[in-house]
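Undergrad: My questions all concern the structure below.
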Amino acid sequence: MKKIDVVAAATVYESISELPTKVQGLMHKAIEARANAYAPYSKFNVGAALLLENNQVVLGNNQESAAYPSGMCAERVAIWKAASEYPGVKVKQLAITASSSQTKVDRPVGPCGACRQTLSEYEINQKEPIEIYFMGEIGKVVKTDSLLSLLPFSFDSTYL
Ligand code: THU
């Protein structure tokens, strides 16, 4: 028996203005997308913006339903939109932001487990890491160099 350390490296930016200029632009797109979220039940709006290798930016936001489990997260709306509109085009970066009418979201909001799992499959298939940047409404922005660094011991198709 031995213990191992599973380490996830991340870069923390003090605010959006510290990000590289192009990434700031992508985060602003995510902020725009966030404004169009349909979240009347949680009142928690999430916006996602994907930068593809063909320079297209694909947006997503969370979409809820009165039948609560039928809703969908912003990140999966965005990745499935990208995969359906631009199949096979690699994803370079993903920017995520969240806000709430109930509380001030002043710390970074990472993608949920189901979104990490979904995104990981596209990262594995494209054989190139996806940079993830995530924040709340204000405050720090966290960057990870890949999706898989957010999902150690992940499940993938090789187990099937
Ligand atoms: N949500 C996302 O859009 N992305 C996440 O990664 C976490 C949660 C949405 C789902 C739901 O509409 C609301 O936020 C509250 O959970």
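The values are calculated or read from the model by the stated rules, or taken from the named source; none is laboratory data. Every value quoted in this text rests on a predicted model; they were computed, and no experiment measured them. As a convention, Cβ positions derive from the backbone with ideal geometry for all residues, glycine included, and neighbour counts pool all protein chains shown.
Undergrad: Do you know which residues across the range 49-62 are out of contact with any Phe, Trp or Tyr (no Cβ under 9 Å at 6 or more places or on another chain) and within 16 Å of the ligand (Cβ to nearest atom)?
TA: Within the range 49-62, 49, 50, 59 qualify.
Undergrad: Residues of the range 70-79 being closer than 11 Å to residue 48 by Cβ and either among the small types (Gly, Ala, Ser) or more than 11 Å from the ligand (Cβ to nearest atom) (or both), which ones?
TA: Scanning the range 70-79 gives 74, 78, 79.
Undergrad: If you don't mind, there's one more thing I want to ask. For residue 77, state whether it is of a type outside the set (Asp, Glu) and closer than 23 Å to residue 10 by Cβ.
TA: no
Undergrad: Another question, then. Taking the range 94-118 on its own, how many of its residues are closer than 21 Å to residue 12 by Cα and either among the small types (Gly, Ala, Ser) or out of contact with any Cys (no Cβ under 7 Å at 6 or more places or on another chain) (or both)?
TA: Total satisfying the criteria: 16.
Undergrad: Within the range 92-141, track down each residue that is closer than 15 Å to residue 23 by Cα and aliphatic (A, V, I, L, M).
TA: Listed by number, the residues that qualify are 94, 95, 96, 130, 132, 135, 141.
Undergrad: If you don't mind, another one. Given the residues 91, 142, which is the only one that is buried (at least 23 other Cβ atoms within 10 Å of the Cβ), within 15 Å of the chain's Cα centre (by Cα) and either under 22 Å from residue 12 (Cα atoms) or within 11 Å of the ligand (Cβ to nearest atom) (or both)?
TA: 91
Undergrad: Could you tell me which of the residues 98, 66, 82 is more than 12 Å from the chain's Cα centre (by Cα), of a type in the set (A, V, I, L, M) and within 15 Å of the ligand (Cβ to nearest atom)?
TA: Unique residue meeting the criteria: 66.
Undergrad: Also, quick follow-up: Tally time: how many residues in the range 19-42 are away from the ligand (no atom under 15 Å from the Cβ), in contact (Cβ under 8 Å) with a residue 40 or more places away in the chain and not aliphatic (A, V, I, L, M)?
TA: Residues that pass the stated criteria total 1.
Undergrad: Here is a further query. Find all pairs meeting these conditions: Cβ atoms under 7 angstrom apart; at least six residues apart or on different chains; first residue within the range 61-89 and among the hydroxyl-bearing types (Ser, Thr, Tyr); second residue more than 11 Å from the ligand (Cβ to nearest atom).
TA: 86/52; 86/54; 86/56
Undergrad: Kindly evaluate residue 107 against the criterion of being crowded, with 18+ Cβ neighbours inside 10 Å, modelled with pLDDT of 95 or more and at negative phi.
TA: no
Undergrad: Which residues, counting only those in the range 101-126, are part of a loop (DSSP other than H, G, I, E, B) and more than 9 Å from the ligand (Cβ to nearest atom)?
TA: 101, 102, 103, 104, 105, 106, 107, 108
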